[in-house]
Amino acid sequence: MIKRPRRLRQNRVLRKMVQETHVSKDGLIYPMFVCEGENVKEEIPSMEGQYRWSVDRMGEKLGQLQDAGVNSVMFFGIPDHKDSAGSGAYDPDGIVQRALRQAKKDFPEMYLITDVCMCEYTDHGHCGILCEHDGVRDVDNDKTLEMLARIAVSHAQAGADMVAPSDMMDGRVLAMRKALDEAGFTHIPIMSYAVKYASAFYGPFRDAADSAPQFGDRRTYQMDYHNRKEAIKEALSDIDEGADIIMVKPAMSYLDILEDVAEIVNVPVAAYSVSGEYAMVKAASDKGWIDGSRILAEMATAVFRAGASIYLTYFAEEIAGLIDRGEI
């Protein structure tokens, strides 16, 4: 035989030399839950090893991340007050706004991103302002846009380096871009959850953020997982509205979608490995059913191999350790 692919697999040095996909700490973002109260470090039952942090203690985790070389976080706020309009989301003294100001003070070199949505702040658990037609309640798309734009501006005013709308309302990127620009934040990028599917993989997150809908579900605004071409439409639409980065969510069951989007768009692409993916890997690893470290290495590599340059994952710190040890 003249062609022997195994020639390039003989030892680790050679395998690393010809490795096609590289996972970088620079592309890792850690999703972090911040909550009201003092001296709070509360483990999330369905996400062992993940916690809700009060502002006065979140520096413990931020310091660990920074020491590991993970310099980007995304804040999710858990307020102590909810109402029908989700007013806590744009409160200048809201939980995310206070977390931003404190993090900027204590960790000025960290890059702070905020999730822009209303589900954690509404008493009904949906991602916007409700309306009712013929006895059916749903989210009013256009009324919600004003609220989302207001939230984005309040985050930027508090020190956010980037905002990331996850609501899946039509036209939200344009509304936020206009509001940010008018408020003098033309430099703040928008990472849009452009391709966000209605997924059962979000289950543990709703436990973590106390954001489960009080009625119905989110299928009237999140995408149908049967659809592939629709992902391209959503991504291109958000780019036209001013999105600087496009996100695909969830990650592992949607790598085909991630690859499609990455091949077509001309902006960076992110993928979010969501709470259900974390919980499954964590549980199986703890049981000894899988080699957790090797699974993490494969998952992260798969996301970057499919075309992402940004990876949001609750395993960010562990993946950074794998990179340091040359195990990924």
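The long axis of helix 275-286 is offset from the longest Cα principal axis of the chain by roughly 40 degrees.
For region 170-234, a crude dipole built from +1 on the beta carbon of Lys and Arg and -1 on the beta carbon of Asp and Glu, taken about the Cα centre, is about 220 debye to the nearest 20.
Given the Cα atoms of the chain, and with Rh set as the inverse mean 1/r over their pairs in the Kirkwood sense, what is Rg to Rh to two decimals?
Rg/Rh for the chain comes to 0.98.
Shape class of region 189-328 from the Cα gyration tensor (axes a ≥ b ≥ c, square roots of the eigenvalues): oblate, since a/c reaches 1.5 or more and a/b does not exceed b/c. Exposed loop positions in the chain were taken to be GluC sites (Glu not before Pro) whose DSSP state is not H, G, I, E or B and which have at most 11 other beta-carbon atoms within 10 angstrom. Between these positions, the longest stretch is 110-328. Take every pair of alpha-carbon atoms less than 8 Å apart whose residues are at least six positions apart; their mean separation over the length of region 23-144 yields a relative contact order of 23 percent.
Measuring nothing but protein heavy atoms, the accessible surface of the chain at 1.4 Å probe radius is 48 percent carbon and sulfur. For a paramagnetic label modelled on Asp256 (point 7 Å from Cα along Cα→Cβ), amide N atoms under 17 Å away belong, within region 296-312, to 303, 306-307.
Of all DSSP-defined beta bridges confined to region 31-160, some 35% are antiparallel rather than parallel.
About its Cα centre, region 107-161 has a charge dipole of approximately 120 debye under the convention of +1 per Lys or Arg Cβ and -1 per Asp or Glu Cβ, with nothing else charged.
Restrict the search to region 240-302; then list the chymotrypsin sites (Phe, Trp or Tyr not before Pro) that DSSP places in a loop and that have at most 11 other Cβ atoms within 10 Å of their Cβ. Don't skip to the end; give the middle numbers.
Values: sites: Tyr254, Tyr272, Tyr278, Trp289; in loops: Trp289.
Hits after loop and neighbour filter: Trp289.
If you wrap a convex hull around the Cα atoms of region 1-87, how much volume per residue is inside, in Å³? Each step should come with its number before you reach the end.
Details: hull volume 16.8 nm³, N = 87.
Measuring per residue, one finds 194 Å³ for the Cα hull of region 1-87.
Pairs of Cα atoms nearer than 8 Å and 6+ residues apart set the relative contact order; for the chain it is 18 percent. Charge dipole of region 51-201 (Cα centre as origin; +1 on each Lys and Arg Cβ, -1 on each Asp and Glu Cβ, all else neutral): 380 debye, rounded to the nearest 20. Quotient of the Cα radius of gyration of region 39-146 and 2.2 N^0.38 Å, N being its number of residues: 1.25. Pairs from the table (Lys104/Lys143; Lys61/Lys178; Lys196/Lys282; Lys82/Lys229) lying more than 30 angstrom apart at Cα are Lys104/Lys143; Lys61/Lys178; Lys82/Lys229. Between the helical axis of 172-182 and the longest alpha-carbon principal axis of the chain there is an angle of about 70 degrees. Rounded if a/c is under 1.5, else prolate if a/b beats b/c, else oblate: with a ≥ b ≥ c from the C-alpha gyration tensor eigenvalues square-rooted, which is region 91-148? Cα axes put region 91-148 in the prolate bin.
When the chain is treated as a Gaussian network with alpha carbon springs shorter than 10 Å, the biggest mean-square fluctuation among Val73, Val55, Val267 belongs to Val267. Summary of the geometry: region 57-90 and region 145-212, compared by the centres of their Cα atoms, lie 14 Å apart.
Mind checking region 208-308 for trypsin sites (Lys or Arg not before Pro) that DSSP puts in a loop (not H, G, I, E or B) and that have at most 10 other Cβ atoms within 10 Å? Present the calculation step by step, with values, prior to reporting the outcome.
Values: sites: Arg218, Arg219, Arg228, Lys229, Lys233, Lys282, Lys287, Arg294, Arg305; in loops: Arg218, Arg219, Arg228, Lys287.
Sites meeting the loop and neighbour criteria: Lys287.
The values are calculated or read from the model by the stated rules, or taken from the named source; none is laboratory data. Fair warning: this is a prediction, and the values are worked out from it, not measured in the lab. All Cβ positions, glycine included, derive from the backbone under ideal geometry; neighbour counts span all protein chains shown. Surface accessibility is based on the protein's heavy atoms, side chains included, excluding ligands, DNA and RNA. Shrake-Rupley method; radii C 1.70, N 1.55, O 1.52, S 1.80 Å.
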